[in-house]
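Laboratory data are not the source of any read-out in this text; all were calculated from the coordinates shown. Model, not experiment: these values are computed from the prediction. All Cβ positions, even for glycine, are placed from backbone atoms using ideal geometry, and neighbour counts span all protein chains on display.
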Ligand code: SAH
Ligand code: SF4
Ligand code: F3S
């Protein structure tokens, strides 16, 4: 494949960090020109997606676009004509995993030069990663960013027709493109984007650089998507944004998230969840809406990151330990059966043993149902990456282990209350490890493996819990 360096549009970290907050994002509609509609006829593609729900949702759009171009989506990597890696950049380990997989495809590409390999998602928005890919991974034919999914047909045509390695990564802001095709991974549960990007700039986080400025979709577009999904038999929507509680702020909406949440609840869809809530933008009206609408699930993912005020300040999280705990207490007072999960970072630069212990004591207070805890991973170009960090990795790993022991202890304790109870489970179909056992989630978002003679995917089933484990429940449909 030819390379022509001048035609590459590469990511620019500085530009990614700039914001023009005066103008709302441009809104466009997707069209697929006729010349691209059969470009994939007779060809297969395989998409590997990593990272958060937003990326999974992007993967569904990529699958939709490729199908509209005539490709058949398959799950076997080695057999596909086009391999797409839809990547995550949140921690170095996630990146290394992808680089390892792409690295191992070198011989496959040498044997079958016509196979095409593409990288997209958040890693494609990182300057240093793209440089590395261009230099050391000649097997990669196409790199495109998170802001130009709609350009995929044109970019692929360039690779296929011109035999040219193609790199196009926009670094600025991004628009909102409505009407892109989508191939949902599930029939009864839908990810629905309510906003893109993030303007919070927590000092450890790469997302504001890889995903651009916060931009909210119009309320009408979101409601139309929920209505359409419900009309097709959909049961659960998961509203997605990096910071859903700030929904509508970029459009000048007052109390936008509560307005949206109520409008989604009024559609009558059976279950509503939302990810992710940032504690600093919570309004009391949102808590009241959660109380008032039975179809808004009372299981909240509320990332706290640390229990130490000093660490929270250096993370630029915008709230204190006391404010977080008050929010949790206020919610419990209004919605007594609410449950919480969270995200935690261990070993942020300069975190002392005493500051880490404040995270442990916060976990003791909140007794989360579960928590994702990770050792801090420096992300090039973020402010925290330049902070002094004198804690050895071994000490950080020990802290993580201590924290995870505590998290598991509370997860188990919270699950005990379900013993012999009957819960409503939205069936996802056969479980991962045993095809004769079904699985699904309770309203409180607990994974249940259960047996039933009649239930199938999409049913909401009453299940009696027969065995409690730390992170799952076993049961029997009644
Ligand atoms: N928008 C969400 C989080 C998105 S990133 C929020 O504000 O809560 C998902 C999680 O990855 C974060 O909650 C954080 O715990 C973790 N994370 C982000 N950057 C990280 C880093 N550099 N090192 C370790 N964990 C990180
Ligand atoms: Fe990252 Fe903070 Fe934005 Fe979440 S709110 S995506 S942690 S910058
Ligand atoms: Fe990862 Fe990008 Fe999501 S960095 S967590 S895929 S926004």
Quick check: the angle from helix 127-136's long axis to the longest principal axis of the chain, C-alpha only, nearest 10 degrees? 50
What relative contact order, as a whole-number percentage, does the chain give when Cα pairs under 8 Å and 6 or more residues apart are counted? 11
Specify the angular offset, from 0 to 90 degrees and rounded to the nearest 10, of the alpha carbon long axis of helix 353-366 from the longest principal axis of the alpha carbons in the chain. 70
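Of 216, 41, how do they rank once you tally other Cβ atoms within 10 Å and put the fewest first?
41, 216
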Just from its helices, what would the mean residue ellipticity at 222 nm be for the chain, if runs of 4 or more DSSP H residues each count -39500 (n - 2.57) and the sum is divided by every residue, rounded to the nearest 500 deg cm²/dmol? -10000 deg cm²/dmol
Computed from the beta carbon distance with a Förster radius of 22 Å, FRET efficiency for residue 313 and residue 395 to the nearest 0.05 stands at 0.50
Residue order, fewest to most beta carbons within 10 Å, for 403, 312: 403, 312
Between residue 462 and residue 29, how many nm apart are label points set 7 Å from Cα along the C-beta direction? 4.7
Footprinting exposure proxy for 301, 136, 147 (fewest neighbouring C-beta atoms within 10 Å first): 136, 301, 147
Using a simple spin-label model with points 7 Å from Cα along the Cα→Cβ vector, what separation in nm is obtained for residue 10 and residue 232? 4.0
Under the rule rounded for a/c under 1.5, else prolate if a/b exceeds b/c, else oblate, using alpha carbon gyration tensor axes a ≥ b ≥ c, segment 2-168 is classed as rounded
Percent RCO, i.e. relative contact order, over segment 93-222, from Cα pairs under 8 Å lying at least 6 residues apart: 20
I'd like the orientation of helix 152-162 relative to the chain: the angle between its Cα long axis and the longest Cα principal axis, in ° from 0 to 90, rounded to 10. 30
Out of all DSSP beta bridges with both ends in segment 176-416, state the antiparallel percent to the nearest 5. 10
